Amino acid sequence: DQGITMYDADLRLVAWNRRYQQLFEYPDGMLYVGRPVADLMRWNAERGEMGTGDIEAQIERRLEHLRAGLPHVFERVRANGQVIEMHGQPLPGGGYVTSYSDITDYKRVEQALREVNETLEQRVELRTREAEAAQQSKTRFLAAISHDVRTPLTALRVKAEMLGDSAVREDLIASIDRMERITASA
């Protein structure tokens, strides 16, 4: 599935495979031993495959990188939306071997997962806000109910204490105390 190219120290094409030609849609006869990599870069740039800007400057920048003999890994999003991952390795004595992989499907899945994750995060955030709002509402409701229940209990306590010393008074006050503890814990 991978395209492969090899360039010599003078950055001329030495070897390639059919997949490389297919990935970049090179016409038959365009690839041949000795073809300067700059020609292929230029052809790609003129088709909009290397982004915007001055074509010769783009080519020269890439050639400098290759001349420096630095390994590289990068992704190119082609004009048709295809994503190609390129792995370049310098060769001893100069030149390069580069592999080209079509990772378009992988990138689509990655984007879909990113969107699902963002949607999930938004849903979790919304549910968290809703739960917090519900908790606040419940707290306000219980506070109001507690107040509404304690007011009559206070009045009932006052009335019970007016009964004087009696078993009914003690039972009534104990019951009021239990109800106040229950409402205080709510």
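The values are calculated or read from the model by the stated rules, or taken from the named source; none is laboratory data. What you see is a predicted model; the values in this text were computed from it and never measured. Cβ: placed from backbone, ideal geometry, glycine included. Neighbour counts: every protein chain shown. Accessible surface areas use protein heavy atoms only, side chains included; no ligands, DNA or RNA. Shrake-Rupley method; radii C 1.70, N 1.55, O 1.52, S 1.80 Å.
Out of the residues in region 162-185 meeting the condition of being assigned to a helix (DSSP H, G or I), open to solvent by less than 90 Å² (accessible area, probe 1.4 Å) and not aliphatic (A, V, I, L, M), tell me which one is farthest from Leu142 (Cα to Cα). Looking at residues that are assigned to a helix (DSSP H, G or I), open to solvent by less than 90 Å² (accessible area, probe 1.4 Å) and not aliphatic (A, V, I, L, M), I get Arg169. Looking across region 33-78, the residues that are open to solvent by 80 Å² or more (accessible area, probe 1.4 Å), under 16 Å from Tyr100 (Cα atoms) and of a type in the set (A, V, I, L, M, F, W, C) come down to Val73, Val77. Does Ala112 satisfy the criteria of being small (Gly, Ala, Ser), within 15 Å of the chain's Cα centre (by Cα) and either more than 30 Å from Gly81 (Cβ to Cβ) or surrounded by 10 or more Cβ atoms within 10 Å (Cβ to Cβ) (or both)? It is true that Ala112 is small (Gly, Ala, Ser), within 15 Å of the chain's Cα centre (by Cα) and either more than 30 Å from Gly81 (Cβ to Cβ) or surrounded by 10 or more Cβ atoms within 10 Å (Cβ to Cβ) (or both).
In the list Gly69, Gly164, Gly95, which residue meets the criterion of being on the phi > 0 side of the Ramachandran plot, out of contact with any strand residue (DSSP E or B) (no Cβ under 9 Å at 6 or more places or on another chain) and not β-branched (Val, Ile, Thr)?
Checking each option against the conditions leaves just Gly164.
In region 88-101, how many are open to solvent by less than 80 Å² (accessible area, probe 1.4 Å) and in a strand (DSSP E or B)? Number satisfying all stated conditions: 8.
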